[in-house]
Amino acid sequence: MTDTTERPQTTAGVPASRLASLRRREDARFTESRPHSRALLERARGSMPNGVPMSWMVELYEHPPIFVASGEGATFTDVDGHRYFDTNIGDMSTFCGINPPAVVEAVARQARRGLQYLLPIEDALWVAEDLTRRFRLPQWQFTLSATLANVEAIRLCRFVTGRPVVLMFEGKYHGHAEEWLVDPKDGALRPAYPGVPPSAGAWVRHVPFNDPEALARALQPGDVACVVTEPALTNCGVIEPDPGFHQALRALTRRRGTLLVIDEAHTLVCGPGGLTARLGLEPDVITLGKFIAGSVPLGAYGMTAGLAQRFARPDPASPRAAFASGGTLFANALSMTAARAALEHVLTEEAYARTAELGARLADGIEERCRRRGFDWRAHRLFARSGYCYGPALPRNASDYHATMRPDLYHLMRVYFANRGVWEAIGTAGPTVSVAAAPADIDHYLACLDEFLGELSA
Ligand SMILES: Cc1ncc(COP(=O)(O)O)c(C=O)c1O
């Protein structure tokens, strides 16, 4: 028998009509109270697509972008004078804080001496040695972003193994290279965006995270150069590895002669040696970026001595490099000096202990507020990083995550928080606590959440 009773539509327990009316009210308040940002955006449309210098800046949010006037520590102020506690931390690129004093001073000092020489400076050596201590991989190369570190790491693995295929986990994000911008469709990986060539996914294989059997099957043909993964997936909420999953991954990759690349671009918020050190992982390559130089552009990849040897030209007389790497501005003097300052003075054991404690205070606070207001939502817990799961069970893979994702609710939450002085994270960034955050910032955030939940449940 069919049930014909009309039930009110809900999102994660909230009636759709309530969401819609709150959204109308908060969107209007957001727009009306930001006339200077609005005017700059209008003017900017004349010279930049979508009115921003990088189009992603509008695609991240459903509300119009705001223009920033200045920032300090864990906060920034827009051109209309609104000040925000920042939990987006620039999609994990400002974990060191918005203007970490040690980095600012080092950058000013180096700028007076020279920004770029296309030659090494001693700070590069200091940084490589420090990264070796942190990650237990002895050899390092530098790029300008995490994406480019992943591009070179994958090229190196293909070169060394002589194999074409790269294996990644569903729900991953490692940057905007063509062959990673693909989605599964009709049993193959097809372009996920216009402009990506039809063949982009030809040499990529995807399997679900936390599924050793699927992984074993995908590695079985012996054509996989490397598996690239984050230690916990962070671009799908947070998906933590099941107990034993990393051990199975390492054993299977070793058995099949496949290299293991661990991407620590985001999970470096977990500790001085990232989540790799926390979990005792043994990758062949580690990739880094985002805040490794205190938000000055820099990417890095570390590798075993064996892989590093392949950079040497087999025939010294040949004009061609053994392996294609590098870019004119990669490893420039400014970035390397900034990285030394960030690693030496900001990304310290003490800072990680403090951000982990504040991260736990945030996650505990989120779950407690939700429970008290009658929502069965969960909070992600990854040291400084938290996040929302709009249901009682944390995801184990990308399908679980997509099943509990509520973009309409999340959008409303961002606008609501922005109207009350909190720059809430996009779904793939947290909220996360930066080195510059204080307990009072967390309390402000939780008070805002409580008010929000109160209105949702009213
Ligand atoms: C895990 C991971 N790796 C790499 C990247 C690429 O970083 P970027 O855009 O700074 O090159 C991202 C970006 O979000 C990421 O989440």
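I'd like to check something: does the range 80-87 contain any residue that is in contact with a strand residue (DSSP E or B) (Cβ under 7 Å, 6 or more places away or on another chain), of a type in the set (A, V, I, L, M, F, W, C), under 18 Å from PRO431 (Cα atoms) and crowded, with 21+ Cβ neighbours inside 10 Å?
Yes: one or more hits.
In the range 158-180, which residue that is assigned to a helix (DSSP H, G or I) and within 16 Å of the ligand (Cβ to nearest atom) is farthest from VAL261 (Cα to Cα)?
Looking at the filtered set, the residue picked out is GLU178.
One line per residue, one yes/no per condition, for (1) in a loop (DSSP other than H, G, I, E, B); (2) buried (at least 24 other Cβ atoms within 10 Å of the Cβ); (3) free of Cβ contacts under 8 Å to residues at least 12 places away in the same chain:
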{"site": "LEU260", "(1), (2), (3)": "no, no, no"}
{"site": "THR287", "(1), (2), (3)": "no, yes, no"}
{"site": "LYS290", "(1), (2), (3)": "yes, yes, no"}
{"site": "ALA308", "(1), (2), (3)": "no, no, no"}
{"site": "PRO316", "(1), (2), (3)": "yes, no, yes"}
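Inside the range 396-408, can you point out the residues that are buried (at least 21 other Cβ atoms within 10 Å of the Cβ) and under 19 Å from ALA425 (Cα atoms)?
Across the range 396-408, the qualifying residue is only TYR401.
Being of a type in the set (Val, Ile, Thr), surrounded by 16 or more Cβ atoms within 10 Å (Cβ to Cβ) and either out of contact with any Cys (no Cβ under 9 Å at 6 or more places or on another chain) or under 24 Å from HIS266 (Cβ atoms) (or both) narrows it down to one of THR11, THR31, so name that one.
THR11
Filter the range 210-232 down to the residues that are within 16 Å of the ligand (Cβ to nearest atom) and either of a type in the set (Asp, Glu) or more than 24 Å from the chain's Cα centre (by Cα) (or both) and list them by number.
GLU230
Residues of the range 192-205 being at pLDDT below 95 and assigned to a strand (DSSP E or B), which ones?
none
Out of LEU298, LEU288, LEU275, LEU249, which single residue is modelled with pLDDT of 95 or more and away from the ligand (no atom under 12 Å from the Cβ)?
One residue alone meets the criteria, LEU249.
Hey, which of the helices (runs of 4 or more DSSP H) in the range 44-148, taking only ones fully inside, have at least 3 residues that are within 16 Å of the ligand (Cβ to nearest atom) and under 30 Å from VAL228 (Cα atoms)?
56-59, 89-92
Are any of the residues in the range 392-406 of a type in the set (A, V, I, L, M, F, W, C) and part of a strand (DSSP E or B)?
Taking every residue of the range 392-406 in turn, none turns out to be of a type in the set (A, V, I, L, M, F, W, C) and part of a strand (DSSP E or B).
The values are calculated or read from the model by the stated rules, or taken from the named source; none is laboratory data. Predicted model, so just to flag it, every value in this text is computed and none were measured. Here the Cβ is made from the backbone with ideal geometry for all residues, glycine too, and neighbour counts use every protein chain on show.
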